[in-house]
Each structure stands twice: as C-alpha cells, then as structure tokens.
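The values are calculated or read from the model by the stated rules, or taken from the named source; none is laboratory data. Source: prediction; values computed, not measured. Positions of Cβ are generated from backbone atoms using ideal geometry, with glycine treated the same way; all protein chains shown enter the neighbour counts. Calculation scope for accessible area: heavy atoms of the full protein, side chains included, ligands and nucleic acids excluded. Shrake-Rupley method; radii C 1.70, N 1.55, O 1.52, S 1.80 Å.
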Amino acid sequence: EVDWFSLASILFLLMFAPLIVYYFIMSCDQYQCSLTDPLIDLLMGNKHLSDIWNKTPTLTYTAAGIYIIWVAFQVILYMFVPDFCHKFLPGYVGGVQEGAVTPAGVVNKYEINGLQAWIITHVLWFANAYYLHWFSPTIIFDNWIPLLWCANILGYVVSTFAMIKGYFFPTNAKDCKFTGNFFYDYMMGIEFNPRIGEWFDFKLFFNGRPGIVAWTLINLSYAAKQQELYGQVTNSMILVNVLQGIYVLDFFWNEAWYLKTIDICHDHFGWYLGWGDCVWLPYLYTLQGLYLVYHPVQLSTASAIGVLMLGLIGYYIFRMTNHQKDLFRRTNGNCRIWGKKPEYIECSYMSVDGTKYYSKLMISGFWGWARHFNYTGDLMGSLAYCLACGFEHILPYFYIIYMTILLTHRCIRDEHRCFSKYGKDWKLYTAAVPYRLIPGVF
C-alpha cells in the first residue's frame, strides 16, 4: 500500500523536481548563480515569469544532434564493445558478471564495461581537444540549457516507456510490482529489471552510462570555459575536476560491486531512476564546476590543501569501508579486518517460501564505528567539492545538502528493510553498533 506521506512526496517531486533543476541552471545563466535574486525580482514586480522564460535558450538542432550522438555512442559502447580492460588491469573485475538474486529468483547477467566506455570516451575527448579540433571543448557549457531540454525529453520518454513495458510486455512478470496507484508506479517503477533483448539493462545503462560518463566531461568543459573567459583555470576548478573524477573512476572500477547495491538490488526502474539519471544527476551533481565558471575562485595554498585532504580522506573512508564489507561477504567472515579476525552477529531470516537462511552482520573495523560509515566518507567528499567554491553563494552547497538528505533517507530505508528481514537479530546489531553515520552523534 502507498501511504499518504509517500504519495505526497512523490507528487511533490513529479511536479517540482524539473522546476528545481531549471531554477538552478537559469539562476546561473541569468543571475550569476544567485538563488535569491530571481525571487526578489518576481516579488518586487521587477520581472515577470514570462521575462525569465523568454530569456531562456530554447531547444536547438545543434543540441539535439549533440545529445542524440552522445546517447547513441554510449549505447554502442555498452552493447557492442565487450570489455577488454579486465584482461590487462590487475584487480579490475569486468566482462560478464552476475547480479544479485531478484525477488522472483532470477539471476541476471551483465556486461561490465563501464570503465572501458569511460576511457574510450575521454581518450576521444582529449584527442579532439589537442589534435582533431572537430568541436570546441566548451561545447557542453555553450549548449547547456538546450541540452537540458534534450535530457528531459529522454528522461520522460524512458520513464513512460518503462511503465508501458511493465504493463504490457515485461521482461519478467514475476518481478513486477503494482501498487494500484498510477503516480507511485510511474515514479518508483513497475519492473525490477526491464531489459531489451538479453543484454540491454535499463538500470545499469541509465544509472551508469550517459550521466556518470558525462560527469567528468561536463567538468572538463567548465574548465575549458574558464580558460577561455579568464585565461587560466583556477585551483578550485582543478580540485573539483580531480576529486569528482576520482569518485567517477571509483564507480566504474567497482561497477561489478555496484550490482549488489540498493539501486540494483531493491529499486524498481521508473521516473525516479530514469529521469533522475538523465537530468538530476548530470545537471545538479556538477553545480560546483558551473558556479566556478561564473565565479572563479583561487584558493590560498593552505585552503586548497585542506579541501584536497578532506576529499581524499573522505574517499579513503568511503572506499575502505566498502572494501571491508565486500571482503567480509566474499570470505564469509574468514578474513582479517585491521589485523584481526572480524567480529559479527549471526542472523537468520525466512524467505517468502518459508526457507530459513543465515547471514552475518559485521561489527568490526569501520562497521563497528557506525552502521553506514561508508556514507560518512561520501559526505566528507561531497563537502570538499562545495568548500572548493568558497562562501559567496549557497548554490554550490546544494550538493552537500541534497546528499545529506538522500543518504540519511537511505539509512532509514535500509534499516527498515533490515529490521523487517532480521527482526530481533537486527536489534542486537543496533545495540552493538548504536550510531548510523557519525560515531557519538548520530
């Protein structure tokens, strides 16, 4: 059943999330990234909504062509270029991998080649920038708002298609979820793993390809625009490119591990993932670089080192916490965490068919500090991106505010699911590890 709060939240997001994205991008284009000036203009009667809308760039054939070529190129890399990186990169897991068991008992196979797609894309980008000169490195920034309309079109088309597909020709009917509420089903999705053919998986492609591969290219385009406008790239822009680049590369290096995360293992594919991956991610996760085009910030050496250290320490915590969990799971606890055999709580749970299973919840290493300490590292990195932009405007700090809300909500979702699964054993676990994110605080 869909409770009233969930329905209200979903209606709010469906109505206002696209407007929020537009407002942020428009405020940079027309108001030098001030979030308050547009509202003041409207409230004081200095401008009407039509004035702001009429100054907004419209969809162009150039932007449509760029976007179609971009998505088609990523589809080709995803579908038709088998992974070769795992053959020569030690420690990298690529090629055909199995996902988690779905609620219907299906184990899907995936072609893990995101790192390869990222490398090929960026090699071509730099080859063009320095040798081929087919297009300007500022092409993304120069067409940023027209590309927004293209991204919205794809996001809505994909989400609508996924819903129709779930009703009339699902990949696996047993892995569909119908609540009877149109808005909830459209937002959160009906099909668990919608696919076209054997290999085109909507979740993996849209979660990890057009948006995240583009993330670093968008930042590079911002840096190129800064160079064009001011004759230099500031150290804050370099920090944003480097720290977010590490995050993106980490995602692709661990793409096989990503198959076991909440996005793939629990979420159905609807507007939340379809539109979110096409629009929300590339447009709002890159606000720091966009802001620095309009407000170049040159940090002092001490400040730059401080931001860099915060970002790197956050990344280290994020990566090592996930590594400890992965090692513990792969070895069933027969490993060493921080030089010692890990401690854990033995849990049991019942499947829908009445079969009893056993599991282990680790309470050693970072997982003894907090139940979601990987999110803590993620938030430290997010804060570093924002701090690189200084304190003149709140706009670049949207990311840390959003990520705090998102990851706190994920904590609650995950723990509700775990309590339903493990019952009294989960209470023993939370007693052993009482904090969620920040030891001693929360």
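Relative to the longest principal Cα axis of the chain, at what angle does helix 61-80 sit, 0 to 90 degrees, rounded to 10? Approximately 30 degrees, to the nearest 10.
Using only Cα coordinates, the Kirkwood hydrodynamic radius of segment 25-115 works out to 18.1 Å.
Determine the share of segment 282-379's accessible area contributed by carbon and sulfur atoms, expressed in whole percent, with a 1.4 angstrom probe. It would help to have the intermediate numbers written out before the result.
On the way: 2770 of 4750 Å².
Carbon-and-sulfur percentage of accessible area, whole number: 58.
Just checking the listed ones, Gly94, Gly231, Gly208: in the Gaussian network model of the chain with Cα springs under 10 Å, the one fluctuating most is Gly231. Dipole size of the chain about its Cα centre, with +1 on Lys/Arg Cβ and -1 on Asp/Glu Cβ: approximately 1260 debye, rounded to the nearest 20. Axis angle, to the nearest 10 degrees, between helix 114-127 and the longest C-alpha principal axis of the chain: 20 degrees. The local environment of His48, defined by Cβ-Cβ distances under 12 Å, has a net charge of 0 under the rule Lys, Arg +1 and Asp, Glu -1. His266 sits with roughly 80 Å² accessible to a 1.4 Å probe, with DNA, RNA and ligands left out of the calculation. For segment 163-258, pairs of C-alpha atoms spaced more than 18 angstrom apart make up 61 percent of the total.
Taking the Cα-to-Cβ direction at Arg336 and at Tyr358 and moving 7 Å from each Cα, how far apart do the two end points lie in nm? Using points 7 Å along Cα→Cβ, the separation is 2.6 nm. The Cβ shell under 15 Å around Leu220 holds other residues with a net charge of -1, Lys and Arg each +1, Asp and Glu each -1.
List the chymotrypsin sites (Phe, Trp or Tyr not before Pro) in segment 63-122 that DSSP assigns to loop (not H, G, I, E or B) and whose Cβ has at most 14 other Cβ atoms within 10 Å. Which are they? Those that pass, being in a loop and sparsely packed, are Phe84, Phe88. Look at where the Cα atoms of segment 1-52 and of segment 166-244 average out, and the two centres are 22 Å apart.
With the charge dipole of segment 337-408 set up from +1 on Lys and Arg Cβ and -1 on Asp and Glu Cβ about the Cα centre, the Cα lying farthest toward the positive end among the listed residues Gly354, Leu406, Cys386 is that of Gly354. Of the residues Leu154, Leu147, ranked by 1.4 Å probe accessible area with the largest first, the sequence reads Leu154, Leu147. Ordered by solvent-accessible area of protein heavy atoms (1.4 Å probe), largest first, the residues Tyr131, Tyr285, Tyr272 come out as Tyr131, Tyr272, Tyr285. For the chain, the longest principal axis of the alpha carbon atoms and the long axis of helix 398-422 meet at an angle near 20°. With the whole protein complex present, Cys278 retains an accessible surface near 10 Å², based on a 1.4 Å probe. Applying a DSSP loop filter and a limit of 14 other Cβ atoms within 10 Å to the GluC sites (Glu not before Pro) in segment 154-254 leaves Glu198. Just add up the charged neighbours of Asp250: K/R +1, D/E -1, any other residue whose Cβ is under 12 Å from the Cβ of Asp250. Neighbour charge sum, excluding Asp250 itself: -1.
Computed with a 1.4 Å probe on the full set of protein chains, the accessible area for Val157 sits at about 90 Å².
Excluding same-chain neighbours fewer than eight residues apart, the lysines reachable from Lys341 by a Cα-Cα span under 16 Å are Lys325, Lys360. For the pair Tyr316 and Leu42 in one chain, pulling the backbone fully straight at 0.36 nm per residue adds 94.1 nm over the alpha carbon distance.
With the charge dipole of the chain set up from +1 on Lys and Arg Cβ and -1 on Asp and Glu Cβ about the Cα centre, the Cα lying farthest toward the positive end among the listed residues Ala72, Ser27, Gly99 is that of Gly99. Its Cα gyration tensor gives the chain an equivalent ellipsoid, and the semi-axes of that ellipsoid, as √(5λ) in whole Å with the largest first, are 36, 26, 24. Among Val279, Val2, the sequence by solvent-accessible area, most first, with a 1.4 Å probe is Val2, Val279. Note on segment 300-441: Cα Rg divided by 2.2 N^0.38 Å, N the number of residues, gives 1.23.
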